[in-house]
1. Does residue 187 meet the test of being more than 30 Å from residue 152 (Cβ to Cβ), surrounded by 14 or more Cβ atoms within 10 Å (Cβ to Cβ) and outside the structural domain of residue 126 (by TED's automatic domain parsing)?
2. I'd like the residue in the stretch 118-132 that is of a type in the set (A, V, I, L, M, F, W, C) and part of a strand (DSSP E or B) and, out of all such residues, is farthest from residue 107 (Cα to Cα).
3. For residue 71, work out the one condition from (1) in contact with a helix residue (DSSP H, G or I) (Cβ under 6 Å, 6 or more places away or on another chain); (2) in contact (Cβ under 8 Å) with a residue 60 or more places away in the chain it doesn't fulfil.
4. Residues being closer than 19 Å to residue 101 by Cα and β-branched (Val, Ile, Thr): count how many of those fall in the stretch 120-172.
5. Looking at the stretch 157-170, is at least one residue without any contact (Cβ under 8 Å) to a residue 60 or more places away in the chain, closer than 16 Å to residue 118 by Cβ and in a helix (DSSP H, G or I)?
6. Cβ-Cβ below 9 Å, separation at least six or inter-chain, first residue in the stretch 243-264 and in a helix (DSSP H, G or I), second surrounded by 12 or more Cβ atoms within 10 Å (Cβ to Cβ) and aromatic (Phe, Trp, Tyr): which pairs?
7. Checking the condition in a loop (DSSP other than H, G, I, E, B), β-branched (Val, Ile, Thr) and in contact (Cβ under 8 Å) with a residue 12 or more places away in the chain, which residue from 154, 135, 176 passes?
8. Filter the stretch 103-120 down to the residues that are surrounded by fewer than 16 Cβ atoms within 10 Å (Cβ to Cβ) and touching a helix residue (DSSP H, G or I) at 6+ places or on another chain (Cβ under 8 Å), then identify the one that is nearest to residue 269 (Cα to Cα).
Amino acid sequence: MKIAFIGGGNMATALIGGLVGKVAEPQNIHVVDPNADSLLALQNKFGITTATAIDGTLASSDVIVLAVKPQQIRDVMAAVKPLIGAQLVLSIAAGIRIADISRWLDGHQAVVRAMPNTPALIGRGIAGMAAGNGVSTLQRAQADSILKAVGETVWVSSEEQLDAVTAISGSGPAYVFYFLEAMEKAAVELGLSSAEGLQLAKATFDGATELARRSEDPVATLRDRVTSKGGTTYAALVSMEQSGVKDAIVTALKAAATRSKELGDEFGKD
């Protein structure tokens, strides 16, 4: 598989690191980015080919990965359009819809949209994915293999559901970091050092998440097993319920999903 990346930022670098030698050979990966220093670093690290401007390499690629900022997509599509044939276009640009990419490429139908998240940088990401009507079985498998190189994939039945994916997992790492910050703050106020509190919080998140992964029980059951009525965990959870923490989290995630839809409307305007 020959893969061309437009954009050589953090997410593209993470994907390339997962792909090289496993899904594609270095000579079959090409990156276009105006930052010559970034390209040199990618060349030295992975042995791939690079260019500072979109070139004919895209015409011979099987997959073109759009890894640029949403605001740059239209200009990029204008440069890509003359080189489009039967390639799969895989977009990881937040908020850019399949129909808009297809329209900007004069009706090109082989488009997959993916919403990855930042743990992809350490090979522990998860990406929600949606396929356009013109995506073949082979192309779907190609897109899946690219994102699975840095984590898990979840294919949704309709592209609209990617707004929910964005709210849950795309933005999700920030919620975890926010909760870790709160646990660290509480630890300090309770007399521990910042380093001790953060170590305890990180290990707790990591262990609890892995326990939830391995267990066949619902997370509510796992929570109940830690919660003895009248005990310390019970006191904390009662306080959270009285403060409306769960409802506030649900409201916040709905706000993220709404904003995701708004961004799609905004970026897709003519």
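The values are calculated or read from the model by the stated rules, or taken from the named source; none is laboratory data. Here the structure is a predicted model, which means the values were calculated and not measured. Glycine also receives a Cβ, built like all others from the backbone with ideal geometry; neighbour counts cover every protein chain displayed.
1. On the way: more than 30 Å from residue 152 (Cβ to Cβ): yes; surrounded by 14 or more Cβ atoms within 10 Å (Cβ to Cβ): yes; outside the structural domain of residue 126 (by TED's automatic domain parsing): yes.
Spelling it out, residue 187 is indeed more than 30 Å from residue 152 (Cβ to Cβ), surrounded by 14 or more Cβ atoms within 10 Å (Cβ to Cβ) and outside the structural domain of residue 126 (by TED's automatic domain parsing).
2. If we take residues in the stretch 118-132 being of a type in the set (A, V, I, L, M, F, W, C) and part of a strand (DSSP E or B), then 126 is farthest from residue 107 (Cα to Cα).
3. Among (1) in contact with a helix residue (DSSP H, G or I) (Cβ under 6 Å, 6 or more places away or on another chain); (2) in contact (Cβ under 8 Å) with a residue 60 or more places away in the chain, the lone unmet condition for residue 71 is (1).
4. Residues meeting the conditions: 3.
5. yes
6. Listed by first residue and then by second, the contacts come to 249/175; 252/175; 253/175.
7. Just a single option satisfies the conditions, and that option is 135.
8. Step one: of the stretch 103-120, the residues surrounded by fewer than 16 Cβ atoms within 10 Å (Cβ to Cβ) are 103, 106-107, 109.
Now restrict to residues that are touching a helix residue (DSSP H, G or I) at 6+ places or on another chain (Cβ under 8 Å): 106, 109.
Details: 106: 16, 109: 19 Å.
This residue is 106.
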